[in-house]
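Let me begin by presenting the structure, written as structure tokens, before commenting on it.
Quick note: the coordinates plus some simple rules give every number you see, no bench work behind them. Predicted model only: the values in this text are computed from it and were never measured. Note that we place each Cβ from the backbone using ideal geometry, even for glycine, and neighbour counts take in every protein chain shown.
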Amino acid sequence: MDPNQTYLDLFTAMMNGEHKTARELAHSLQQWLRNGGFYPHQMNPEAMQAYLHDVLRRTAYVDLPPEQQIMFYVVCPECRCHVEIPGDAVGPERTDPWNVVGCDECDTIFDFDDEDVAQVQMPAPR
């Protein structure tokens, strides 16, 4: 495996919304690193692991049946960006009672109520 090319392909797949491909590449790169492979050029371990975690979190829906492929989000009060939240952070079944998130765009940390949560059906994985 060429981890440099895999990383570039992964980045391109995410930019093009090819989430199924991105997820497969992220798993491959993650396995490569777990087996002692070297990191892509100019990527430190912390940054690479954070990026892989983010890709796998954002593409987790591709492994779900279509009726469960729903993204939940809240709107950042500072910059108005959509901040994705996990499905178990909504409603009476939620696992975290505090409902506090951070915006990746402006670094604002804010709390939200259930009525602030919006949802959208994810597109079919490509």
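Pick out, in residue order, every one of the GluC sites (Glu not before Pro) in region 37-126 that is DSSP loop and has at most 10 other C-beta atoms within 10 Å; say none if there are none.
On the way: sites: Glu46, Glu67, Glu78, Glu84, Glu93, Glu105, Glu115; in loops: Glu78, Glu93, Glu105.
Here the GluC sites (Glu not before Pro) that fit, given the DSSP loop and packing criteria, are Glu93.
I'd like the trypsin sites (Lys or Arg not before Pro) in region 1-102 restricted to DSSP loop residues with at most 14 other Cβ atoms within 10 Å, sorted by number. All intermediate terms of the calculation are to be shown ahead of the outcome.
Values: sites: Lys20, Arg23, Arg34, Arg57, Arg58, Arg80, Arg94; in loops: Arg80, Arg94.
Passing both the DSSP loop test and the Cβ count: Arg80.
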(message) At 222 nm, what value in deg cm²/dmol follows for the chain if DSSP H runs of at least 4 each add -39500 (n - 2.57) and the sum is divided by all its residues, to the nearest 500?
(response) -11000 deg cm²/dmol
(message) Compute a Gaussian network model of the chain, connecting alpha carbons closer than 10 Å, and tell me which residue from Leu52, Leu33, Leu64 fluctuates the most.
(response) Leu64
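How high is the relative contact order of the chain, in percent, counting Cα pairs under 8 Å that sit 6 or more residues apart?
Values: 144 pairs, mean separation 28.9, N = 126.
That works out to 23 percent.
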(request) Calculate the dipole size of the chain relative to its Cα centre from +1 charges on Lys and Arg beta carbons and -1 charges on Asp and Glu beta carbons; express the result in debye to the nearest 20. (result) 620
(request) Compute the FRET efficiency between Gln49 and Glu115 as 1/(1 + (r/R0)^6), taking r as their Cβ-Cβ distance and R0 = 25 Å, and round to the nearest 0.05. (result) 0.10
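Taking R0 as 41 Å, what's the FRET efficiency between Asp107 and Asp2 from their Cβ-Cβ distance, rounded to 0.05?
On the way: r = 34 Å, r/R0 = 0.83.
Efficiency at R0 = 41 Å is approximately 0.75.
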(request) Place +1 on the Cβ of every Lys and Arg and -1 on the Cβ of every Asp and Glu in the chain, take the dipole about the Cα centre, and give the residue among Pro92, Cys106, Leu64 whose Cα lies farthest towards its positive end. (result) Leu64
(request) Estimate the FRET efficiency between Arg94 and Lys20 by the formula 1/(1 + (r/R0)^6), using the beta-carbon distance for r and 30 Å for R0, to the nearest 0.05. (result) 0.60
(request) Go through [x] 108; [y] 134; [z] 94 and flag the label whose value is the computed volume of the Cα convex hull per residue in Å³ for this structure. (result) [y]
(request) Return one number: the angle in degrees, 0 to 90 and rounded to the nearest 10, between the long axis of the Cα atoms of helix 3-15 and the longest principal axis of the Cα atoms of the chain. (result) 30
(request) Please sort by residue number the chymotrypsin sites (Phe, Trp or Tyr not before Pro) in region 15-89 whose DSSP state is loop and whose Cβ has at most 16 other Cβ atoms within 10 Å. (result) Phe38
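By the gyration tensor of its Cα atoms, with a ≥ b ≥ c the square roots of the eigenvalues, what is the shape of region 66-121: rounded for a/c under 1.5, prolate for a/b over b/c, or oblate? Show your work: numbers first, answer last.
Numbers: a/c = 2.20, a/b = 1.35, b/c = 1.63.
It is oblate, given that a/c is not under 1.5 and a/b is not larger than b/c.
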